[in-house]
Amino acid sequence: MRLTIRDIRKMKDAGEAIPMLTAYDATSARLAEAAGVPMLLVGDSLGMVIQGYETTIPVTLDHIIYHASIVTRVTQTPLVVGDMPFMSYNVSPEQAVSNAGRLMQESGVGAVKLEGGETVAPAIERIVNAGIPVMGHIGLTPQSVNRFGGFRVQGREIVGAQQLLRDAQAVQSAGAFAVVLELVTGPLAQMITEKLDIPTIGIGAGPHCDGQVQVFHDILGLFDGHMPRHAKRYVDAGGTMREAIQQYVKEVQQHAFPTDENSFSMSQDVLDALKEEGVESGGDY
Ligand code: KIV
């Protein structure tokens, strides 16, 4: 049975921490599900870790639908959340609800996520009223990186912190079932978590959020680009994979792979007959 937003809310109410991880394809989704992750995010971070862009800006709704369909098709249990990419919800609440509908209908996700606080609350409300669960995302919102002038921690000053408190409240009042807090100072994230009824999911927001979200490639050491301070590398899978590929290249070059173990035999009679035929027909084989 697939988990729903009610199950996620129950986890907060029971004081059970909520682990969330991004997934973009069959391999990452199956691994995350097998490890017991209850909530998967098909994030627009795929722009960086899958597509090789510098930011999330070039990611389109069709890209998210494509990757989210794979993740929902190969998993049974986790709640799958699909990210609404840049400019897919910013024009009007009507545009937002129409695109959220497409994302849910065409990919099978159980919820959508969009970035912003007070300013996107009307869009969140319209989407929720259409029957589509929404996860909010406040703090450092990567789609607005050009406005922020870089990936900076949010809410260090009084005005910014007050705005984040208002944003969190607005997202909850608009009907979101949870909210991501990205690059928010620990004490402020704790304050928001205590104020809200809905779960907060932190990334670079300290240990007091109700849950944590991380990028698949960051925790596994698969991404060669900038490693953010808020991420923890649990294994250097990229290094291990590189060494394995180097070994493969070496063995092919040295004719050490494949061996008989990796090859398929045939009966000597058939081989002899082929050879015979080859000789009679002028040695074409
Ligand atoms: O796109 C993404 O992966 C995200 C998380 C970092 C929260 O939005």
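The values are calculated or read from the model by the stated rules, or taken from the named source; none is laboratory data. The structure displayed is predicted, hence computed values, not measured ones. All Cβ positions, glycine included, derive from the backbone under ideal geometry; neighbour counts span all protein chains shown.
Flag not set for E115, criterion: out of contact with any strand residue (DSSP E or B) (no Cβ under 7 Å at 6 or more places or on another chain), assigned by TED's automatic domain parsing to the domain that holds I219 and either more than 13 Å from the ligand (Cβ to nearest atom) or of a type outside the set (G, A, S) (or both).
For segment 163-174, does any single residue satisfy the condition of being under 18 Å from A17 (Cα atoms) and buried (at least 24 other Cβ atoms within 10 Å of the Cβ)? Among the residues of segment 163-174, not one is under 18 Å from A17 (Cα atoms) and buried (at least 24 other Cβ atoms within 10 Å of the Cβ), which makes the answer no. Number of residues in segment 151-188 that are in contact (Cβ under 8 Å) with a residue 40 or more places away in the chain, over 22 Å from I127 (Cβ atoms) and either within 16 Å of the ligand (Cβ to nearest atom) or within 24 Å of the chain's Cα centre (by Cα) (or both): the value is 4. Residue check: F148 meets all listed conditions (1) within 16 Å of the ligand (Cβ to nearest atom); (2) touching a residue at least 24 places away in the same chain (Cβ under 8 Å); (3) surrounded by fewer than 24 Cβ atoms within 10 Å (Cβ to Cβ) but one, namely (2). Considering only residues of segment 32-65 that are in a helix (DSSP H, G or I) and in contact (Cβ under 8 Å) with a residue 40 or more places away in the chain, which is farthest from R147 (Cα to Cα)? Checked segment 32-65; the qualifying residue farthest from R147 (Cα to Cα) is E33.
Total residues in segment 135-150 satisfying the condition of being in contact with a strand residue (DSSP E or B) (Cβ under 9 Å, 6 or more places away or on another chain), assigned to a loop (DSSP other than H, G, I, E, B) and either of a type in the set (V, I, T) or over 20 Å from Q172 (Cβ atoms) (or both): the figure is 1.
Among residues that are out of contact with any strand residue (DSSP E or B) (no Cβ under 7 Å at 6 or more places or on another chain), more than 30 Å from Q162 (Cβ to Cβ) and more than 16 Å from the ligand (Cβ to nearest atom), K250 is included.
Inspection of segment 2-20 finds a residue satisfying the criterion of being within 12 Å of the ligand (Cβ to nearest atom), assigned by TED's automatic domain parsing to the domain that holds E194 and not in a helix (DSSP H, G or I).
Rundown of residues vs (1) surrounded by fewer than 21 Cβ atoms within 10 Å (Cβ to Cβ); (2) under 21 Å from A23 (Cα atoms); (3) modelled with pLDDT under 95; (4) outside the structural domain of E125 (by TED's automatic domain parsing), yes/no style:
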| site | (1), (2), (3), (4) |
| --- | --- |
| L181 | no, yes, no, no |
| A189 | no, no, no, no |
| T200 | no, yes, no, no |
| G204 | no, yes, no, no |
| M227 | yes, yes, yes, no |
| V252 | yes, no, no, yes |
| Y285 | yes, no, yes, yes |
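Taking the condition surrounded by 24 or more Cβ atoms within 10 Å (Cβ to Cβ), touching a His at 6+ places or on another chain (Cβ under 9 Å) and either touching a residue at least 24 places away in the same chain (Cβ under 8 Å) or on the phi > 0 side of the Ramachandran plot (or both), does L79 pass? It is false that L79 is surrounded by 24 or more Cβ atoms within 10 Å (Cβ to Cβ), touching a His at 6+ places or on another chain (Cβ under 9 Å) and either touching a residue at least 24 places away in the same chain (Cβ under 8 Å) or on the phi > 0 side of the Ramachandran plot (or both). Annotation note: of V134, V120, V128, V109, the sole residue that is buried (at least 24 other Cβ atoms within 10 Å of the Cβ) and either away from the ligand (no atom under 16 Å from the Cβ) or in contact (Cβ under 8 Å) with a residue 60 or more places away in the chain (or both) is V109. Scanning segment 26-38 for residues that are touching a helix residue (DSSP H, G or I) at 6+ places or on another chain (Cβ under 6 Å) and either within 25 Å of K12 (Cβ to Cβ) or surrounded by 16 or more Cβ atoms within 10 Å (Cβ to Cβ) (or both) returns S28, A29.
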